[in-house]
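A short write-up of the structure that comes next.
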Amino acid sequence: FGVISVPVGMSFYVRNLIRFGTDIFWVYELPADSWQYTGNVPVINRFLWPVPSEMVDNLLNFRIGCGYNVWMQIIRTSVLGEWDMANVGKPVKLIAVLLMLLGAVLAFVAFCSFVKVFIVGGIRQINRKATSGKGADVLPIDAPCYLMFAIGYVVNMFCYLVFAYNYPQQCSMHFRYIEITLLFPAVALGFVLQESKCKWFNRLGILVLVCFAVCSAIMTGVWCML
């Protein structure tokens, strides 16, 4: 995997280094007077939670705001990209806000599933194997997969947050930089729904997924027509 992925992933940067003399770790920096600059916002509002009054006001007035908060930007850009929706009517904004809320719910449930399956489940399997000398039958995957998924998710999220902190611009928080992290919680959520014996949880999960898919299709259609 490394023999294939490392040369392919680094080819663009090596090309720029050879052809233009660009440093491999070079990042284009916007000026501090850019409208995207978020360095003047308190760190607690950038990386924990936005200003509560502003967030409530945005929801009541169908505005897609709080662009300085990393978690809001993850949810917003994951479903809307960089579309600011300044010139669309309230019905479209209502669908957009609903899509963001559904995405936030799915993200939260998927993250909890990830912790349960790959963090708690991985620790449980290691303990069982250490005490019994045999592999624990927690999930239908090999033991190294626990470690691979856990490290993959944590490393990607950590690098993303460091990048957003070092380059305080709204564009630095775009979801495109951590799209790979969709894989880990999605797999965990799939295992949870598959193994769950709670019918109402499964039905509710499927309902949320269907509503999210429908809203996504509507937003895609609206975007194509505008």
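The values are calculated or read from the model by the stated rules, or taken from the named source; none is laboratory data. Computed from a predicted structure; not experimentally measured. Here Cβ is always computed from backbone atoms with ideal geometry, including for glycine, and neighbour counts include all displayed protein chains. These area figures cover heavy atoms from the full protein model, side chains too; ligands, DNA and RNA do not enter into them. Shrake-Rupley method; radii C 1.70, N 1.55, O 1.52, S 1.80 Å.
Within segment 173-226, track down each residue that is among the hydrophobic types (A, V, I, L, M, F, W, C) and more than 22 Å from Phe114 (Cβ to Cβ). Answer for segment 173-226, where residues must be among the hydrophobic types (A, V, I, L, M, F, W, C) and more than 22 Å from Phe114 (Cβ to Cβ): Val214, Cys215, Ala217, Ile218, Met219, Val222, Trp223, Cys224, Met225, Leu226. Check Lys129, Lys134, Lys93 and return the single one that is at pLDDT 80 or above, of a type outside the set (A, V, I, L, M, F, W, C), out of contact with any Cys (no Cβ under 7 Å at 6 or more places or on another chain) and surrounded by fewer than 17 Cβ atoms within 10 Å (Cβ to Cβ). From the options Lys129, Lys134, Lys93, the qualifying one is Lys93.
For segment 30-39, the set of residues classified as over 15 Å from Val162 (Cα atoms), in a loop (DSSP other than H, G, I, E, B) and within 24 Å of the chain's Cα centre (by Cα) consists of Leu30, Trp35, Gln36, listed by residue number. Going by the structure shown, is Tyr160 modelled with pLDDT of 90 or more, under 28 Å from Tyr68 (Cβ atoms), of a type outside the set (Asp, Glu) and open to solvent by 80 Å² or more (accessible area, probe 1.4 Å)? The answer is no for Tyr160.
Only one residue in Asn69, Asn58 is under 30 Å from Trp223 (Cβ atoms), open to solvent by less than 40 Å² (accessible area, probe 1.4 Å) and either modelled with pLDDT of 90 or more or acidic (Asp, Glu) (or both). Which one?
Selected residue: Asn69, the only one of Asn69, Asn58 that is under 30 Å from Trp223 (Cβ atoms), open to solvent by less than 40 Å² (accessible area, probe 1.4 Å) and either modelled with pLDDT of 90 or more or acidic (Asp, Glu) (or both).
Taking first residues from segment 201-224 that are open to solvent by less than 30 Å² (accessible area, probe 1.4 Å) and part of a helix (DSSP H, G or I) and partners that are β-branched (Val, Ile, Thr) and at pLDDT below 90, the Cβ contacts under 7 Å between residues at least 6 apart in sequence or on separate chains come to Cys215/Ile95; Met219/Ile95; Val222/Val92. Somewhere in segment 89-108, is a residue under 30 Å from Tyr13 (Cα atoms) and not in a loop (DSSP other than H, G, I, E, B)? No - not one qualifying residue is present in segment 89-108.
Suppose the filter is touching a residue at least 12 places away in the same chain (Cβ under 8 Å) and on the phi < 0 side of the Ramachandran plot; does Met173 pass it? Yes, satisfied.
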